[in-house]
1. Under 19 Å Cα to Cα from residue 241, which lysines show up? Leave out anything in the same chain fewer than 8 places away.
2. Of 271, 338, 221, which is farthest along the charge dipole of region 216-346 in the positive direction, counting Lys and Arg as +1 and Asp and Glu as -1 at C-beta?
3. Provide the percentage of antiparallel DSSP beta bridges, counting only those with both residues in the chain; round to the nearest 5.
4. Ranked highest first by the average count of other Cβ atoms within 10 Å around their residues, in what order do 262-270, 337-345, 317-325 fall?
5. Treat every Asp and Glu Cβ in the chain as -1 and every Lys and Arg Cβ as +1, leave all other atoms uncharged, and give the resulting dipole magnitude about the Cα centre to the nearest 20 debye.
6. Holding the Cα-Cα limit at 24 Å, pick out from 74/249; 54/74; 30/90 the pairs that are longer than that.
7. When ranked by the protection proxy of mean other Cβ atoms within 10 Å per residue, highest first, what sequence do the peptides 66-73, 307-314, 125-132 form?
8. Report, in deg cm²/dmol and to the nearest 500, the calculated mean residue ellipticity at 222 nm for the chain, where each DSSP H run with n ≥ 4 adds -39500 (n - 2.57) and the sum is divided by the residue count.
Amino acid sequence: MYQKFINGDWISTGDTTEVIDPATGQQVDKVVLGTVEDVNRAVEAAQQAVRIRKWRENGVLRAEFLWCWADRIKQDRHRLATLLTRENGKVMAEAEREILATVDTLKFAAGQARQLEGRSLTLGSGMYGEVIPEPLGVVGFIIPWNWPVLLLVRELAPALAAGNSAIIKPALLAPLTVLEICRDLPDTVVVPRGLIHVIPGEGVPIGEAIVSHRHVAAVSFTGSTQTGQRIGELAARGIKKVLLELGGKSSSIIFPDAPLERMIPVLVQGMYGSSGQNCMAASRILVHDAIYNAVRDKLVETIASLRVGPGLAADTTMGPLITEHQVAVSQEAVNAGVRDGGRVLIGGQRMTGGVLKDGFFFAPTLIENVPCTSSMVQHEIFGPVVSLERFQDEDAAITFANSTAYGLVSSVWTRDHDRAVRVARQLETGTVWINTYQKTFAEAESGGMKSSGLGRSRGKAGLYEYTELKNVVSEVL
Ligand code: NAD
């Protein structure tokens, strides 16, 4: 049974909930649920921790802590990846990538911990100013289940690098690997006791208790746009900073001179990686009329070669969905697309044969001819259901791509670099990939435009999001 982690103690008292393996429907383990009293206790301890000058003013200590933590996770990566696959369903190769990207993110943040820079100003004769980045204080981290470890650490690592303390609420569908990495905090580096707390629980009451607590200075939320709106409203009442990494509906625009051979496998991975349960999933494929049929046929052929199965099986290339509910959501999206005139090219239904019988499997699905106004095209599905669309010219492709409320990522496929850059500059997304997909780097800022979010993760901006600037002015005789 997995315990909650509050003020340096692992606590086993309280109600529990089961974590289910989506490939088998069987219990992986149980987890102890937090309470609102736990949140209050954790925030108090985190507030004391963040006031300790040895932590907030010592970048070397913070760097060492982050680096040692990265090393411990790396050593344990195979066990962690296996647990992640069991609770989340993703294929082992992806789970391993997630753990290694987590290690990389911690190491990058370790470097950043020693690089926080302010400014010194001369404001007049004998009048000097400093602008100093300081930690925000206690930060609440509310995270989803789809890439739980990386998405936590993507935010937590820069926040710790900047000297903050943390209250973490993992998603109940996949909280175990997050708890496991927090069991493995480095014990060779002495940091304040109440620096990090992990409180598993539902959004209501635990998530909302964190967001609404008056001593939580900022909230970093990764999850759906709908929940993000609610968190934004609650945070506004407390005049607190909120960072939102939300949903997506991402277009990939394919021109006649696209490098097809290389593109097809990369794109299919972007479409069905994490079984489409990825904020960055390539959920809309927009193809120029001149090569539409060729791209369609090649996509269908490649999708047919995917092997759907349990993530732990060596030959599986696409795992299950997280819940029965997500299967129903995918089916309803297919039905809506068909009702609006779509034609299913491949997939379109649940899979239940053989070893799939007790799990939540849905066939990788491609649907053509769905109008841009259909809910299937406009809304995030978070399942392996992709629309194939046709365009006649560059302007139409840009208009179609920009037509949803989301603005997370997009991709452009062409050998004409002028065209690629011109289109990239007009796409309303926080990230645009040219002739590649889902390449993210600790060095490079990412985040959402429009309803896909507020603020930036990663890179320099991702560090400074977790600081507040203080202006100190001195008059010197
Ligand atoms: P979700 O919004 O249902 O839940 C996310 C987290 O918020 C969970 O921990 C949940 O318990 C908590 N929560 C729910 N209601 C809450 C409330 N009222 N107050 C406080 N916390 C609350 O999302 P999900 O189903 O876990 O994740 C899928 C969504 O996350 C998709 O929309 C996906 O696109 C998005 N996502 C975005 C990114 C990104 O970087 N932009 C990354 C991954 C996932």
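Just so you know, all these numbers are worked out from the coordinates, no wet-lab data involved. Owing to the predicted nature of the structure, the values given are computational and were not obtained by experimental measurement. Every residue, glycine as well, gets a Cβ built from its backbone with ideal geometry; the counts of neighbours run over all protein chains shown.
1. Partners found: 169, 450, 460, 470.
2. My answer, from the dipole projection, is 221.
3. Working: 31 of 71 bridges.
Counting only bridges with both partners in the chain, antiparallel ones make up about 45 percent.
4. Numbers: 262-270: 19.7, 337-345: 17.0, 317-325: 21.8.
In descending order of packing, they fall as 317-325, 262-270, 337-345.
5. On the way: 48 positive and 52 negative charges, 120 e Å.
In debye, rounded to 20, the chain gives about 580.
6. Working: 74/249 32 Å; 54/74 27 Å; 30/90 20 Å.
With Cα atoms farther than 24 Å apart: 74/249; 54/74.
7. Values: 66-73: 20.1, 307-314: 17.9, 125-132: 12.6.
So the order, starting with the most tightly packed, is 66-73, 307-314, 125-132.
8. Working: 16 runs with 180 residues, N = 477.
Dividing the helical sum by the residues of the chain leaves -11500 deg cm²/dmol.
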